[in-house]
Structure formats: C-alpha cells, structure tokens
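First the structure, in the form of structure tokens, and then the observations on it.
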Amino acid sequence: MNAPVVIIGTGLAGYNVAREFRKLDSDTPLLLITADDGRSYSKPMLSTGFGKNKEADGLSMAEPGAMAEQLKAEVRTHTRISGIDPGHKRLWIGEEAVTYRDLILAWGAETIRVPVEGDAAELIFPINDLEDYARFRAAAAGKRRVLVLGAGLIGCEFANDLILGGYEIDLVAPCEHVMPTLLHPAAAAAVQAGLEGLGARFHLGPVLNRLQRTADGLEAHLSDGKVIPCDLVVSAIGLRPRVDLAAAAGLQINRGIMVDRHLKTSHANIYALGDCAEVDGLNLLYVMPLMTCARALAQTLAGNATAVSYGPMPVTVKTPVCPLVVSPPPRGTEGVWSVEGEGANIKALCRDASGRLLGYALTGSAVMEKLALNKELPPLLA
Ligand SMILES: Cc1cc2nc3c(=O)[nH]c(=O)nc-3n(C[C@H](O)[C@H](O)[C@H](O)COP(=O)(O)OP(=O)(O)OC[C@H]3O[C@@H](n4cnc5c(N)ncnc54)[C@H](O)[C@@H]3O)c2cc1C
C-alpha cells in the first residue's frame, strides 16, 4: 500500500487541512494521529462556554469515528508521537515506526507554566483544549471565586465569560494595561473599565508568588504583598509553539517551526501549519491564518504547489461587555497612533508617515467601522 499523508494533531489546523485535502483527493490514504481524544471542536468556544452554560461535551462537534468516516481517513487517538526520522520518511510512536508520504505537523502550542510556591499548584488550570476545559468545569462546580492569571486576549475573555457564568473574578498580570502587545492603551482602558463595571478586580503589576490552601478555599499571595482569597485559578499567561520534536529531528526552529510560503519546513515532505508554525516569519495563533494555510497546503499536497498569502487578519475579541476588534500594525512597520472617542467607544488608528492605515483597535460602537477600515489595511503576507 502507498504510504499515507500523515497529519499530527486534530485541532482546527489538522482537521481543516484534512478536510481541504479530501475536497481535492479522495484516494490517497490519510492518517491523523492525536495525543487527545480526537473530538472535533472549535477552540474559540472554550472562552464563551460558561456564559452559554456549555459542558465540554456540548462544545464537541463530532466524535473521532465520525471524523474518520467524513474524511475517509484513519484517526488514531490518545497517541503521542515521540520522534521523526526525516531521512527514512517515518515517525515514531514509542517503538512503533509509521512511514509517511508527506508529514504535516499541526500539533499546536502548549501553555506556558511558571512555578508557584505553596500547596495548591494543582488548582491552577490552563485551558487550551477541550479536555482542559472539562477538568476546569468539574473543579469550578460549586465554587464562586476565580483568580485569572494573565491579562492578554484569553485572560480577558475568560474573565468576561466567567462573570457571565456567575463567578467573581480577580485578574492578576505583570503589565500596565490589558492586552499590552495588542492594544493601544486607550482601547485597553475601555476593555478594563467594561470588565470592572461587571465587578472584575484588576491587580496589574504584580505576579502570583504563592498559592496556599486555607480553611475556606485558597489564598493567592502576590509579589506586591497583596493576598487575594479565591477558590481556584485559571492560568492564561501565554502559549509557546510546540517545537521540541521538530528540533530534535533537525528541522529549523525560530519561535515556531519555520516554514516557507508553501508551508514547507527545512526538510523535504514535512510541512507545518497552525499554532506550531512560523510562516515566513509570522507565528499567528489565530484561526483565520490557519484556515488560509489549510487551503493552500491542501492544494500543494494534491500536486498543485500553492503559496499562502495573508490579507489583513483582524481579531475579534470575545469580551461582550466591551466589543473589541483589533488589527495590530504589521511587524517592521512604524506609524503614529491617533485616538478618537471616549469611554467605551474608542477608535485608535495607526497610520504611517504618508497617511496609510497600518492597524487599529476599535471598541464599543466604533467596532461598526471595521469593515470599511479593513479595506484600507495592508496585507500581512502579500
Ligand atoms: C480559549 C481560547 C480562545 C480562543 N479564541 C480565539 C478566537 O476567538 N479567534 C481566533 O482566531 N483564535 C482564537 N484562539 C486561538 C485558536 O483557537 C488557535 O489558534 C487554534 O485553535 C490552534 O489550532 P491548532 O490546530 O494549531 O492547535 P491545537 O488546537 O492546539 O491542536 C493541536 C493538536 O495536536 C495534538 N498533539 C500535540 N502534541 C502531539 C504529539 N506529540 N503527538 C500527537 N498529537 C499531538 C493535540 O492533541 C491536538 O490535537 C483561542 C485560543 C484559546 C485557547
């Protein structure tokens, strides 16, 4: 039998490239291998699940068996690959060798963890997949007070969602304003004010040093001396592309697994996309780029070599208390920000010296201007 196209990972990147490939080629054997349970789900729904009162099972869209049938593929679940041998076009699952025609790495990013002192570290929950979400929901049942670590996009989304789900929120992060890498301070202030209006308490500047059990729950000891009572902790301090197995196999790595515009790694017949990939220098941990990559890569795998290009990629942040759309200026560009509006409704625009729009952050009613502004934005990968 011909060696299969092998996809590692059944997140949005893995399943979407499989789906796009099957539109073009219904015969080549296809094998998907995943460390998790292989259920198909939309990861962005994880940070709106409490407001909608959804259990993990309610967020699952298809079981792996149904996906296998739909994709005319084999889906191996709870199977972690342990090595790649590019010279022999095979990978390792422990002692078992699996040969491939082409190998697609879609194994995502892992949550960053920092050591915390105290006797309650197991009550710190990262939420980066459906199984994490199920664990957190089980632990949060009957509890009231959640401490959110991190004030990035995910931390703010969880804060808003958990409040909608009936929880009290304290948010701790070592930054001056929320979403510091994404947002102009005026837009960040609007989001923070919105969340504070719902009751969230922000502790910006310190980090969590120690988490201690008490008779009545937990105490979070911060580096500025503050002590916050809580029942459990959500960690949203960032993600790191999974690169170790790729590096061990000799693939070129920077922040992510480096691929060219054809999603090709530094080794023949090995491709990468999604959170683990750095595409022509860009490691974008969002859905829109990976969908664009999935379509291009499927063409290449079907014999029609296709380079990926990115248009503007604005991100809608799911903080319903303060609607927010953001398109940060592309890397290497320099511009000047102008800010209009006040309170919850901020329009922050970044333009270059010739007046060309480079990026924006829109909150509240200003979000309505996004479609018009998107037409002016430069592509991220022309
Ligand atoms: C809470 C949350 C909300 C988000 N909201 C948005 C949003 O609103 N809009 C947006 O654009 N983006 C959002 N994102 C980001 C977006 O969801 C991700 O960029 C995207 O889902 C990543 O998909 P992926 O397939 O690359 O990785 P993943 O979904 O992480 O999939 C990785 C897969 O690889 C498997 N795997 C890992 N290691 C191995 C191994 N050694 N062997 C076998 N299998 C392995 C895993 O089991 C998994 O199946 C959000 C992210 C989070 C966490």
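The values are calculated or read from the model by the stated rules, or taken from the named source; none is laboratory data. Fair warning: this is a prediction, and the values are worked out from it, not measured in the lab. Because the Cβ atoms are built from the backbone with ideal geometry, glycine has one as well, and the counts that use them run over all protein chains shown.
Please go through region 252-263 and pick out each residue that is more than 30 Å from residue 116 (Cα to Cα) and either near the ligand (Cβ under 9 Å from one of its atoms) or touching a strand residue (DSSP E or B) at 6+ places or on another chain (Cβ under 6 Å) (or both). Listed by number, the residues that qualify are 252, 258, 259, 263.
Within region 202-230, the set of residues being outside any strand (DSSP E or B), of a type in the set (Asp, Glu) and either within 20 Å of residue 144 (Cβ to Cβ) or within 29 Å of the chain's Cα centre (by Cα) (or both) comprises 216 only. Give me the residue from region 159-199 that is among the acidic types (Asp, Glu) and outside any strand (DSSP E or B) and, out of that set, surrounded by the most Cβ atoms within 10 Å (Cβ to Cβ). Here the residue is 161. Taking region 100-120 as the range and being in contact with a helix residue (DSSP H, G or I) (Cβ under 6 Å, 6 or more places away or on another chain) and part of a loop (DSSP other than H, G, I, E, B) as the test, the residues that pass are 106, 107, 108. Entry remark, region 273-299: residues being in a helix (DSSP H, G or I), aliphatic (A, V, I, L, M) and touching an Asp or Glu at 6+ places or on another chain (Cβ under 7 Å) number 2 in total.
Within the set 69, 20, the sole residue that is more than 14 Å from the ligand (Cβ to nearest atom) and not basic (Lys, Arg) turns out to be 69.
Here is the figure for region 103-138: residues that are within 8 Å of the ligand (Cβ to nearest atom), within 16 Å of residue 244 (Cα to Cα) and hydrophobic (A, V, I, L, M, F, W, C) total 3. For region 216-239, filtering for residues that are of a type outside the set (Val, Ile, Thr), modelled with pLDDT of 95 or more and exposed (fewer than 15 other Cβ atoms within 10 Å of the Cβ) leaves 5. Of all the criteria given as (1) in the same structural domain as residue 32 (by TED's automatic domain parsing); (2) within 16 Å of the ligand (Cβ to nearest atom); (3) loosely packed, with under 15 Cβ neighbours inside 10 Å, the one not satisfied by residue 268 is (2).
Within region 288-314, the set of residues being surrounded by fewer than 18 Cβ atoms within 10 Å (Cβ to Cβ) and within 12 Å of the ligand (Cβ to nearest atom) comprises 288, 291.
Scanning region 347-363 for residues that are within 10 Å of residue 377 (Cα to Cα) and part of a loop (DSSP other than H, G, I, E, B) returns a single hit, 356.
All conditions in (1) crowded, with 19+ Cβ neighbours inside 10 Å; (2) touching a Lys or Arg at 6+ places or on another chain (Cβ under 7 Å); (3) within 23 Å of residue 256 (Cα to Cα) hold for residue 81, with the sole exception of (2). Looking only at region 229-242, residues that are among the hydrophobic types (A, V, I, L, M, F, W, C) and away from the ligand (no atom under 11 Å from the Cβ) come to 4 in all.
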